[in-house]
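The block underneath contains the structure these notes are about, expressed in structure tokens.
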Amino acid sequence: MSDYSEKLKASAEEAGRIAADYLPENKGLAAELMESMAYSVNNGGKRLRPVLLLESFRACGGEKELEKMLVEPYMAALEYIHSYSLVHDDLPEMDNDMYRRGKLTTHAKFGHAQGVLAGDGLLNYAYETAGKAFQNAMASGNETALRRTIGAFNVLTNKAGAYGMVGGQSVDVALTGKSIDAPTLEYIYENKTSALIEAALMIGGILAGADEERIALLEKIGSACGRAFQIKDDILDETGTLEEIGKPVHSDLNNNKTTYVTLFGLEKAREDAENLCLRAEKMLGSFCSSDSFLSWLIAYMTKRVK
Ligand code: GRG
């Protein structure tokens, strides 16, 4: 398989630029809020979700002229939702982490209240940004583009909310310190982690005009990939160092959390992550070359080292 590391670097930088460009201007009485939102977005994430969204759009044959009109606002919106979730997850009321990506977390830098508000601001601004795709489609008079945007918006709101990421996080928080069985852990991972990865792939497909069968397949690929990604996160929490992963290690242990590693042990965790990755690659292979950037990206995400 080709090595797409350089392409990922360039794509992630471009996705970071897009996310930065759509941010609100840092001025006015609420300038500190804007600054804390920008700090949360512009501090070096891997940008995997917006890159996945764009590559799914391309793999599904999306038209080039729709990239700026529809795809870019959704890339920014998804990265804002991801960023807000990390900001809130780091708060003292949740994981109480002071470092992320090797830098102070948002609440550690701006104070707890401003940390809550930076997350709130980003969540709401994500939907304002996705709304720009509606405005662009309306202004162009392209009804197909408008229909696709509505479908994408439904997926974004659903996967980010109570039936997706927030639901998963809520069960995770409620059961912290309690013993969790395998199906419950599966529910948490499916929603807390996979939901946004599913959203990335599905929104890319919907904006490209893919049919329902393809969208359902993209959801399954996102589910397998997301679960492998989360198991890898558990492994890194156990075996990594602060320098390697940019955040404190043993956070799960210190927060008394059941993880895939505590439930099944390191060896099985590694084996299951690998199998989920293979399953995702196989499903993707039904419509996408095994030597494509998207296939490489899915494999990279599930074998990540940070
Ligand atoms: C607070 C509603 C709410 C949700 C939080 C995302 C999340 C749910 C919690 C963060 C903790 C965690 C382990 C989440 C699992 C997903 C994950 C590994 C997120 C980190 O994603 P990366 O590695 O982050 O893509 P970067 O830093 O690259 O942007």
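A few comments on the model shown:
- Residues in segment 30-53 that are free of Cβ contacts under 8 Å to residues at least 40 places away in the same chain, closer than 15 Å to Arg17 by Cβ, over 12 Å from the mean Cα position of the chain (by Cα) and outside any helix (DSSP H, G or I): Asn42 only.
- Hey, Leu236 closer than 18 Å to Asp90 by Cα, part of a helix (DSSP H, G or I) and touching a residue at least 40 places away in the same chain (Cβ under 8 Å) or not: yes
- Close pairs from segment 277-294: first within 17 Å of Glu198 (Cα to Cα), partner in a loop (DSSP other than H, G, I, E, B), Cβ under 6 Å, at least 6 apart: Leu294/Cys288
- Counting the residues of segment 72-102 that are more than 12 Å from the ligand (Cβ to nearest atom), hydrophobic (A, V, I, L, M, F, W, C) and buried (at least 20 other Cβ atoms within 10 Å of the Cβ) gives 3.
- Filtered residues of segment 271-290 (kept if among the acidic types (Asp, Glu) and surrounded by 16 or more Cβ atoms within 10 Å (Cβ to Cβ)): Glu281
- Check on Ile203, within 16 Å of the ligand (Cβ to nearest atom), under 18 Å from Val71 (Cβ atoms) and either buried (at least 17 other Cβ atoms within 10 Å of the Cβ) or of a type outside the set (A, V, I, L, M) (or both): no
None of the figures in this text is laboratory data; all of them are computed from the coordinates on show. Only a predicted model underlies this, so the values are computations on that prediction, with no experimental measurement involved. Using ideal geometry, Cβ is built from the backbone for each residue, glycine included, and neighbour counts are taken over all protein chains shown.
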